[in-house]
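Novice: If you scroll down you'll find the structure; I have some questions about it.
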Amino acid sequence: MNTIEQAAKRLEQLRRAGVPLLQETSEQPATHEAGGGSSAATGMQASPTGEQTGSTATTAQATPNTQQPQPQAPGRAAVHSQASDANSASPGERRSREVTLDLLRMQRAGLLVPGQPRSQLEEEFRIIKRPLLENVRQEGPMRPNRANLIMVTSAMAGEGKTQTSLNLAISIAMELDHTVLLVEADVLRPSALARIGVQASHGLLDLLETPQTQLPDVLLRTNIPKLTLLPAGTASSRSTELLASDAMDQLLSELASKYPDRIIIFDTPPLLSTTESRVLASHMGQVVLVTEANNTPVSLVKQAYATVENHPLVLGLLNKYRGPKGSTAYGYYAP
């Protein structure tokens, strides 16, 4: 019996024994290629010569092997494509979420809206922001460190610090040479974003308490060019300690230095009601202390200034002033 007949006889014996040669070869190509497969593969490889035997072996094994890469190739290509996409998206390229501000609602709430006719409110904030921007550009008599970190606070609640923070941020966003980040740092009673119709569950406190949270994860881009928002984030009983932590100082250093044209406005809690503002003041370049005209007792105003007396630069802002009709300095611009 020649070699071909022996091989054919052996294959027939295996078929009768119920060995699924082609299926097994297709599902376990590595085993056959390693020489540890079925007797059929061993018998065919044992043939010393015989091109026809080699051809038979090719027919039994090479056919499934030539088909085997076909279903696997798309899988490998897909994995490679996903890996390439992941590698190409560097952390610096991560995009923050975009929100749409209700401009009509903002206008009705007494907030500045870019593109509106010239108004007295707009002129007032042009005057308010000018010395702040001069300090940022180191053009004023004072040259504070981190001058682009501006904290807005008050002695008591209800004096208008949040409204001032919003209008100041929007007014600076209207500048040609600056962008603005408004930080909702009143983490105990955040209200700035609610006034402009924005809801967000994560923000500043999540950055400080959860290491895996990154800045692009919590920043909100808006439909007002150059204005970005950072919400207060998840409430925490350790808010004072978080604001006083090294993580907060590192975050402020990053915010102050990453973009030289960016102004960061912090809407913070009242100075006399909490300890958070006193902690934040030590990190800020400028402090704006808002006082409600004809309402806040002078004694409380003095106490508020005393809490930040060691800060190099504190600017006072008298809010809700109602002088005699016609005596306003901005009457020329009034609509």
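The values are calculated or read from the model by the stated rules, or taken from the named source; none is laboratory data. On a predicted model such as this, the values are computed, not experimentally measured, just so you know. Because the Cβ atoms are built from the backbone with ideal geometry, glycine has one as well, and the counts that use them run over all protein chains shown.
A quick yes/no check of all residues on (1) of a type in the set (S, T, N, Q); (2) in contact (Cβ under 8 Å) with a residue 24 or more places away in the chain; (3) assigned by TED's automatic domain parsing to the domain that holds Lys258:
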position	(1), (2), (3)
Ala109	no, yes, yes
Glu122	no, yes, yes
Ile127	no, no, yes
Arg130	no, no, yes
Asn135	yes, yes, yes
Gln138	yes, no, yes
Pro141	no, no, yes
Asn148	yes, yes, yes
Met156	no, yes, yes
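Novice: Hey, any hits in the stretch 182-194 for a residue that's free of Cβ contacts under 8 Å to residues at least 40 places away in the same chain, under 12 Å from Asp267 (Cα atoms), out of contact with any Phe, Trp or Tyr (no Cβ under 6 Å at 6 or more places or on another chain) and not small (Gly, Ala, Ser)?
Specialist: yes
Novice: Next up: More than 14 Å from Met151 (Cα to Cα) and of a type in the set (D, E, K, R), is that true of Glu276?
Specialist: Judged against the criteria, Glu276 is not a match.
Novice: Here's a follow-up. Restricting to the stretch 210-232, and then to whatever is modelled with pLDDT of 90 or more, part of a loop (DSSP other than H, G, I, E, B) and surrounded by 15 or more Cβ atoms within 10 Å (Cβ to Cβ), can you tell me which residue is nearest to the chain's Cα centre (by Cα)?
Specialist: Leu219
Novice: Ser239 fails exactly one of the following numbered conditions: (1) in contact (Cβ under 8 Å) with a residue 40 or more places away in the chain; (2) surrounded by fewer than 19 Cβ atoms within 10 Å (Cβ to Cβ); (3) among the hydroxyl-bearing types (Ser, Thr, Tyr). What is the number of that condition?
Specialist: Result: Ser239 fails condition (2) only.
Novice: Kindly indicate whether Leu255 is more than 22 Å from the chain's Cα centre (by Cα), in contact (Cβ under 8 Å) with a residue 12 or more places away in the chain and surrounded by 14 or more Cβ atoms within 10 Å (Cβ to Cβ).
Specialist: So Leu255 does not fit the description; no.
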